Each structure stands twice: as structure tokens, then as C-alpha cells.
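The values are calculated or read from the model by the stated rules, or taken from the named source; none is laboratory data. Everything numeric here is computed off the predicted structure, so don't read it as measured data. We place every Cβ from the backbone using ideal geometry, glycine too, and count neighbours over all the protein chains shown. Heads up: the accessible areas ignore ligands, DNA and RNA and are worked out on the full protein's heavy atoms, side chains in. Shrake-Rupley method; radii C 1.70, N 1.55, O 1.52, S 1.80 Å.
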Amino acid sequence: MAIAVTDQITLDDDEIEVSFVRSPGAGGQNVNKVATAAQLRFNVAASPNLFEAQKPRILKAAGARATKNGEIVITATRFRTQEANRRDALQRLVSLIARAVAPTKPRIPTRPTGGATKRRLEGKKRRSDVKRGRSRVVRADD
């Protein structure tokens, strides 16, 4: 089954590896017995469904979740069932990839308004007057 990320990107199920581990931290009687935390692994470097230009952007967006050999590891512990945590991890992977490959909006340079320039210069003049007022006064009879 294919997982749709964007209109152009779909991931195959066999590219994603999900294992279940025990959840960390306190949690009552079940936490030490049942492995409900989902640990999802996706090898970005080996994925045939991604363009080469997209792979570094995805790994950069993954941050600390990316390993040195080009894998993304996502651990989901929010829910109490394996299936809910598996869905959560998969949803987080899809949103991460979608954000990383989305085109960045180009910055349109703007100029400050005339009023903003005037206010900035008046502020500089006031500051200059304050500093000039702190200087030593020279008397004519010295």
C-alpha cells in the first residue's frame, strides 16, 4: 500500500519499518510489561520515491531525528495502544516530509516608509543630544 505525502510523492509501505518498544517514564502497571511505543524508521537516503535534491532538505528538517546514515527515527509514545502510536508516528513522518519539500516563499525586499525613516532619524538626533549633554562643559574664563 502506498502512503501519499504530496501530489508528487508517495512512499511504499516496505520503505517504512515500525517496531514497538516499551514506553519510557512512569505510567502505572502496564508500562513495564507492554511495548506500546512505536519506533518508526525511514531510510531517506535509500528511498527511490524521493528526488536527490529533496533528500538533504528532508534530513535537515528532521534535525536530531536523522541518523548519520540517512535514516529518520520517530518515536511515538503519546497513546496507550500500538496502533494509535503507529498512526501518530506515520502522520508525523508524512508532515515532516511535506513541510521539507514545500517550496519556500521568496522574500520580496521592501523599503522603509518615509515616516519610519523620519522617526528613526529623530530618535538618533535625540540620542545624540543626550550624549552631547553629558560632555564636559568648557568655561570661557579657564
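Mind checking whether some residue in segment 110-125 is in a loop (DSSP other than H, G, I, E, B), out of contact with any Gly (no Cβ under 7 Å at 6 or more places or on another chain) and either in contact (Cβ under 8 Å) with a residue 60 or more places away in the chain or closer than 30 Å to K60 by Cα (or both)? Before the answer, list the steps.
If we filter segment 110-125 for residues that are in a loop (DSSP other than H, G, I, E, B), which is where we start, we get 110-113.
Imposing the further condition that a residue be out of contact with any Gly (no Cβ under 7 Å at 6 or more places or on another chain) reduces the set to 110-113.
This time we only want the ones that are either in contact (Cβ under 8 Å) with a residue 60 or more places away in the chain or closer than 30 Å to K60 by Cα (or both), so: 110.
Looking through segment 110-125, at least one residue is in a loop (DSSP other than H, G, I, E, B), out of contact with any Gly (no Cβ under 7 Å at 6 or more places or on another chain) and either in contact (Cβ under 8 Å) with a residue 60 or more places away in the chain or closer than 30 Å to K60 by Cα (or both).
Being at pLDDT below 85 and not hydrophobic (A, V, I, L, M, F, W, C): is that true of K55 here? Write out each step before concluding.
Values: at pLDDT below 85: yes; not hydrophobic (A, V, I, L, M, F, W, C): yes.
Taking the combined requirement at face value, the residue satisfies it.
Which one of the conditions (1) farther than 30 Å from V34 by Cα; (2) exposed (fewer than 15 other Cβ atoms within 10 Å of the Cβ); (3) not β-branched (V, I, T) does R78 fail to meet, given that it meets all the rest?
Failing condition for R78: (1).
Checking K118 against (1) more than 20 Å from T6 (Cα to Cα); (2) open to solvent by 70 Å² or more (accessible area, probe 1.4 Å); (3) within 16 Å of the chain's Cα centre (by Cα), which test does it fail?
(3)
Answer with yes or no whether V94 is touching a residue at least 60 places away in the same chain (Cβ under 8 Å), surrounded by fewer than 19 Cβ atoms within 10 Å (Cβ to Cβ) and either closer than 21 Å to A4 by Cβ or in contact with a helix residue (DSSP H, G or I) (Cβ under 8 Å, 6 or more places away or on another chain) (or both). Give the steps one after another, and end with the answer.
Working: touching a residue at least 60 places away in the same chain (Cβ under 8 Å): yes; surrounded by fewer than 19 Cβ atoms within 10 Å (Cβ to Cβ): yes; either closer than 21 Å to A4 by Cβ or in contact with a helix residue (DSSP H, G or I) (Cβ under 8 Å, 6 or more places away or on another chain) (or both): yes.
Answer is yes for this residue.
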